[in-house]
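Taking it in order: structure first as structure tokens, then the write-up.
The values are calculated or read from the model by the stated rules, or taken from the named source; none is laboratory data. Just so we're clear, the structure is a prediction, and the values are computed from it rather than from any experiment. Virtual Cβ from ideal backbone geometry, glycine too; neighbours counted across all protein chains shown. When the accessible area is computed, the model is the full protein with side chains, heavy atoms only, and any ligands, DNA or RNA have been set aside. Shrake-Rupley method; radii C 1.70, N 1.55, O 1.52, S 1.80 Å.
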Amino acid sequence: MRSVEEHQRVVAGLITARPAATVGLADAEGLVLAEDVVAEVSLPVFDNSAMDGYAVRADEIASASADRPVKLPVAEDIPAGRTDIPTLEPGSAHRIMTGAPIPAGATAVVPVEATDGGTDVVTINDASAEGRHIRRAGEDVAKGSTVLRTGQQVSPAVVGLAAALGRHELTVIPRLRVLVISTGSELVSPGSPLRPGQIYESNSPMLAAAVRDAGATVVATPAVSDEVAQFAAVLDRYAGDSDLIITSGGVSAGAYEVVKDAFGRAGDQGVDFVKVAMQPGMPQGSGRVAGTPIVTLPGNPVSVLVSFEVFVRPALRRAMGLPDAERPRRAAVLTEKLTSPPGKRQFRRGVLDADAGTVSGYGPPGSHHLRYLASANCLLDIAEDVTEIPPGSQVEVWDLG
């Protein structure tokens, strides 16, 4: 059987980035920059007031105090946004608002709290040193400087900085487009009545949520029967618009395995079907369909999501340049005895108490026990050569957050 590490390398080799694209700021959030951003203006763009108050010549109010205030006529009002800024003449003050341009001649701003707030004549009760409460042009960002680097993820603060610099677009690595196909004639969409032998389809909504959580986008989530013609029709319709196809089901050893039947059970049409030494998730497949990468996962829900976590999620995030491609790995002390099948790397659902540094297995290891996976917050990673772990042992866990 193929090892987990070998199959991880195979899948990672299939999933590659899309060409860089220039998108609007709203669409860039969460993505990774594909080129540096150089400031085309300075920040602040001009000297401006850091306070609501009065623009003054600092030497003219150097003696001001509560006992001996200085009075100056208010010659102008300068609200934020005013573009015709008159010079401050000696012996006068301009009432100024936060963010408004500093007039020529002014060397300081007196906060309104240190005055009587006068509009014709202002009484100043405190001195303000030269340069006080003035934001200088370029003190945050100098024009021509590189402020954002290739590989940096676009956060809300990055969006804000880009907008402040006059950028309405950024060049980024686009989200990968993923087609999710769930197979099985027994599947019925949630909300529909069940007939004998039918079950509700859970894999495609679960995988679609996992794809979006990984930072990619979902093209479509069709569910198909075990008819090769229907499966092929779905591929024809959607595969050309996709960067990756993920299927669930149809890859085991039964008589009605539509994915295997569609590509040839010997993998003679660009898809290889293998057994991976892991539990859950032994039957796997990967390859290309008309040039589009495809990863074929088993059908049981727990196997599906664990396989996605182990093989697909990290490859997707790396291809898009996103941080934290791997789930955080932590060491924790096991609170109970666990067993694992020989020769298989087991990914066991668990509950991690990060504060106590302990972990407990959660639920049976069976690949159909979805309830326990929904409430687990970690996966215990048990090596293939380990068959029994006593309580008190240190184990590695994947923190699912």
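Key figures for this structure:
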| item | result |
| --- | --- |
| Members of segment 384-401 found to be under 30 Å from the mean Cα position of the chain (by Cα) and surrounded by 13 or more Cβ atoms within 10 Å (Cβ to Cβ), listed by number | Val395, Glu396, Val397, Trp398, Asp399, Leu400 |
| Of residues in segment 76-93 being part of a loop (DSSP other than H, G, I, E, B) and small (Gly, Ala, Ser), the one farthest from the chain's Cα centre (by Cα) | Gly91 |
| Qualifying residue in segment 199-209 (condition: open to solvent by less than 70 Å² (accessible area, probe 1.4 Å), farther than 30 Å from Ala34 by Cβ, touching a residue at least 60 places away in the same chain (Cβ under 8 Å) and among the aliphatic types (A, V, I, L, M)) | yes |
| From Val23, Val10, residue being open to solvent by 30 Å² or more (accessible area, probe 1.4 Å), under 29 Å from Pro174 (Cα atoms), outside any loop (DSSP other than H, G, I, E, B) and assigned by the TED database to the domain that holds Pro283 | Val10 |
| Top-ranked residue of segment 116-131 - restricted to ones that are farther than 10 Å from Ser63 by Cα and small (Gly, Ala, Ser), ranked as surrounded by the most Cβ atoms within 10 Å (Cβ to Cβ) | Gly118 |
| Evaluation of Val37 against (1) within 27 Å of Arg313 (Cβ to Cβ); (2) assigned by the TED database to the domain that holds Ala164; (3) not small (Gly, Ala, Ser) (one fails), failing number | (1) |
| Qualifying residue in segment 244-267 (condition: within 30 Å of Val141 (Cα to Cα), open to solvent by 40 Å² or more (accessible area, probe 1.4 Å) and assigned to a helix (DSSP H, G or I)) | no |
| Any pair with Cβ under 7 angstrom, 6 or more apart, that starts in segment 68-95 at a residue that is hydroxyl-bearing (Ser, Thr, Tyr) and ends at one that is surrounded by 14 or more Cβ atoms within 10 Å (Cβ to Cβ) | Thr87/Pro103; Thr87/Gly105; Ser92/Leu72; Ser92/Ala75 |
| Of all residues in segment 327-345 being open to solvent by 30 Å² or more (accessible area, probe 1.4 Å) and of a type in the set (A, V, I, L, M), the one that is nearest to Leu176 (Cα to Cα) | Ala331 |
| Wholly within segment 302-401, strands (runs of 3 or more DSSP E) carrying at least 3 residues that are farther than 19 Å from His7 by Cβ and touching a residue at least 40 places away in the same chain (Cβ under 8 Å) | 329-334, 345-353, 394-399 |
| Sole exception among (1) touching a residue at least 60 places away in the same chain (Cβ under 8 Å); (2) aliphatic (A, V, I, L, M); (3) open to solvent by less than 40 Å² (accessible area, probe 1.4 Å) for Ala142, by number | (3) |
| Meets criteria (in contact with a helix residue (DSSP H, G or I) (Cβ under 8 Å, 6 or more places away or on another chain), of a type outside the set (Ser, Thr, Tyr) and open to solvent by 20 Å² or more (accessible area, probe 1.4 Å)) for Arg288 | yes |
| Among (1) under 30 Å from Glu29 (Cα atoms); (2) surrounded by 15 or more Cβ atoms within 10 Å (Cβ to Cβ); (3) of a type in the set (Asp, Glu) - the single one Asp324 does not satisfy | (2) |
| Failed condition for Met1, given (1) open to solvent by 60 Å² or more (accessible area, probe 1.4 Å); (2) under 30 Å from Gly160 (Cα atoms); (3) in contact with a Lys or Arg (Cβ under 6 Å, 6 or more places away or on another chain) | (2) |
| Members of segment 210-237 found to be surrounded by fewer than 16 Cβ atoms within 10 Å (Cβ to Cβ) and outside any helix (DSSP H, G or I), listed by number | Thr217, Ser225, Glu227 |
